[in-house]
Structure formats: structure tokens, C-alpha cells
């Protein structure tokens with residue numbers, strides 16, 4: 001998911017020196033700040049993403065400055081876990097199964113933001129530690145200029161046309177990379193046949209990538225023909241990357257499939273600015289912010305009572321027509337994620 005081309009100095013200091021002061025003053029000494037650790041994808045390359053708008057509105061309305069640090073979903077959870085004794089983040093935003101992993105590690109405290117009652121039960125924790133703020137779906141992208149039609153099936157990707165022209169982000173590190181495993185295990189009917197397929201696919205795979213967002217510019221330029229991604233991120237990127245096309249692989253003879261992959265947010269345990277974190281979570285789920293999800297962010301509102309009717313919302317709904325949506329067993333995936341990733345490493349030699 002897209003990395004920020006430029007980050008605020010304070011955020012860079014947090015990134016480089018997580019347990020030390022930045023310029024002589026730690027973030028904890030500033031009461032008008034809230035620090036967000038987030039999976040990438042919601043902040044625009046050119047300051048035009050959903051985060052850019054909602055953070056700007058939040059800072060204007062509250063006077064609280066947002067310090068932002070982004071990375072892969074697994075990377076952000078690992079960082080928060082390392083800092084557990086001395087938390088630096090107030091809000092953690094990440095994709096499943098990493099939000100469940102953060103909860104299991106005790107990194108999140110209970111807080112139900114205003115508007116959480118309008119979020120589907122499947123998109124929030126039963127124990128109240130996290131809730132979706134932007135709904136999203138896993139997908140793939142292809143270069144529309146080089147490929148007039150997207151490859152329809154997983155099996156198509158084994159063709160020599162895609163040798164060194166295909167790449168997917170690293171499972172266990174990137175949320176969308178982990179999603180490749182989840183979809184493959186569903187589509188192929190289990191762990192063993194999925195790993196057998198991914199072993200074959202490795203012949204065409206360029207190699208690992210910690211960030212899914214870095215793959216989109218390569219696809220747009222034609223350096224890659226196919227990569228993984230997600231609907232929200234790639235739809236937003238397509239406004240400045242005209243060669244991106246979104247598609248969903250099917251098994252040969254089957255229907256294209258996908259699953260919900262929401263950006264889920266929670267309040268960090270012992271957050272240094274917990275009250276500010278609560279205010280930000282309230283803002284992210286506010287009706288105003290939720291109505292901006294499709295038009296600005298290219299995603300789907302998490303609140304069920306917010307029905308977007310803008311052109312982007314209509315285009316997104318059309319994109320999902322004919323795609324079968326399945327629901328992963330997130331408890332199983334969170335519990336067995338390490339073994340699934342180890343099986344992938346063994347199969348692919350990664």
C-alpha cells in the first residue's frame with residue numbers, strides 16, 4: 001500500500017527513534033498530539049487521500065496534531081508490540097488478521113467510538129477493542145495498456161507471459177500479502193493445494209515486497225503486468241495511475257472471489273494520549289468522514305447508515321458485480337497464521 005513520499009519531521013523521528021526524544025521533546029510531552037500507527041493505503045501520494053482530508057479536518061476542529069507512521073500491517077503490529085512497555089502510539093489501524101493479532105497480544109484497550117453501533121458485527125470486535133473505519137476488499141491489479149483483458153484465472157498466471165512480470169507482497173508482513181494466502185486457500189480448497197499452486201507460481205514471481213502499495217506504480221509503468229492489492233487503495237491510485245485495472249482471480253471454471261479486508265482501528269493500551277486517541281476514533285467514524293470514504297478514499301463506508309451515491313461509489317459497486325464474497329475464519333487464521341506463513345515459505349523457498 002502506498003508509502004508517503006514525504007512525512008512530517010516528527011513522524012520521521014518517531015519512526016527512527018521509537019524510544020527516545022525527537023529534537024529534545026518526546027511526543028508524550030505534547031498534549032495536543034495524537035500518534036497513529038497505520039497500515040498504508042489511506043494516505044495519498046500527493047496529499048489527496050482519505051487520511052489527508054480527515055486528519056486536516058480533525059486538526060482544524062480540535063487543535064490536536066496528528067503524527068502519522070505507516071507500514072505493512074504486520075510491521076505496525078510488531079512495532080507496537082516491541083513498544084508495549086512504553087507505548088508510543090495512541091491509535092493502531094491495520095488489516096485482518098493483524099488487528100486480531102494485536103488484540104490477542106494485549107495491544108488494544110476497549111473503546112467503542114461514536115457511530116460504532118452502525119458498524120456491522122462482523123466488522124468489529126465482540127470485546128469492543130477495535131472497529132472497522134473503512135471497508136475494503138482484496139483484489140489484484142493488471143496493466144490495462146499491456147493486457148487488454150485481465151487474466152481470468154489463477155491458472156492463467158502460470159503462463160510464461162508473466163515470468164518476472166508478476167509480484168505479490170510478502171505474507172505475514174503485508175496485510176494484502178497475507179490475503180493472497182487466504183484467498184488461495186479458499187479458492188483451491190485448503191492449505192496443501194494452495195501451497196502447491198503458489199510453489200508453481202513462484203517461477204513467475206519477481207520476489208518479496210514488504211509494501212503492497214509500492215507494486216502499483218510498477219504495474220502502471222509496465223514493469224509488472226500483475227500484482228496484488230486491494231480495491232480501496234488501487235481504485236484511489238487509479239486516478240493518478242491510468243493503466244491500473246482491478247480484477248479478481250477465479251479458479252478455472254469457477255467464479256471470481258474476494259473477501260472483505262477492512263481497515264480496522266483500535267485504541268492502544270496505555271496510549272500516551274488516550275483521550276486524543278478516542279477523539280480521533282470518534283472522528284474517523286463520524287458521518288462526515290464516512291461520507292468521504294468513497295469519493296476521496298476509493299473505499300466503502302464502514303457505517304451501514306451512510307449510503308454514498310457519488311460517482312465513485314457507483315463505480316465501486318459496479319466493480320464488485322458478479323464477484324463472490326466469502327467470509328474467512330479470522331479466528332483460525334489469527335491462531336494459525338505463523339504455520340500458514342511457514343508453509344508458504346517452505347513451498348516458495350522464500
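Answer with yes or no whether residue 309 is more than 18 Å from the chain's Cα centre (by Cα), surrounded by fewer than 16 Cβ atoms within 10 Å (Cβ to Cβ) and either farther than 19 Å from residue 56 by Cβ or in the same structural domain as residue 174 (by TED's automatic domain parsing) (or both).
When the stated conditions are applied, residue 309 passes them.
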**OP:** Kindly indicate which of 23, 41, 71 is within 24 Å of residue 288 (Cβ to Cβ) and either touching a strand residue (DSSP E or B) at 6+ places or on another chain (Cβ under 8 Å) or at pLDDT below 90 (or both).
**Re:** 41
Original post:
Which residues, taken from the range 101-116, are assigned to a helix (DSSP H, G or I) and either loosely packed, with under 13 Cβ neighbours inside 10 Å or in contact with a helix residue (DSSP H, G or I) (Cβ under 8 Å, 6 or more places away or on another chain) (or both)?
Top reply: 101, 102, 104
Subject >> Lone qualifier among 126, 89 - being on the phi < 0 side of the Ramachandran plot, buried (at least 23 other Cβ atoms within 10 Å of the Cβ) and not in a strand (DSSP E or B) >> reply: 89
**OP:** Kindly provide the set of residues from the range 36-86 that are assigned to a helix (DSSP H, G or I) and over 25 Å from residue 210 (Cα atoms), ordered by number.
**Re:** 53, 54, 55, 56, 57, 58, 59, 60, 61, 62
Original post:
How many residues, within the range 247-266, are within 16 Å of the chain's Cα centre (by Cα) and either under 19 Å from residue 314 (Cβ atoms) or not in a loop (DSSP other than H, G, I, E, B) (or both)?
Top reply: 7
Original post:
Mind checking which residues of the range 147-177 are in contact with a helix residue (DSSP H, G or I) (Cβ under 7 Å, 6 or more places away or on another chain) and closer than 23 Å to residue 40 by Cα?
Top reply: 166, 167, 168, 169, 170, 171, 172, 173, 174, 175
Subject >> Criterion (surrounded by 19 or more Cβ atoms within 10 Å (Cβ to Cβ), under 30 Å from residue 81 (Cα atoms), at pLDDT below 95 and assigned by TED's automatic domain parsing to the domain that holds residue 99) met by exactly one of 297, 277, 266, 213 >> reply: 297
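The values are calculated or read from the model by the stated rules, or taken from the named source; none is laboratory data. Everything quoted here is computed from the prediction, not taken from an experiment. When we count neighbours, we look across all protein chains shown, and the Cβ atoms used for this are built from the backbone with ideal geometry, even at glycine.
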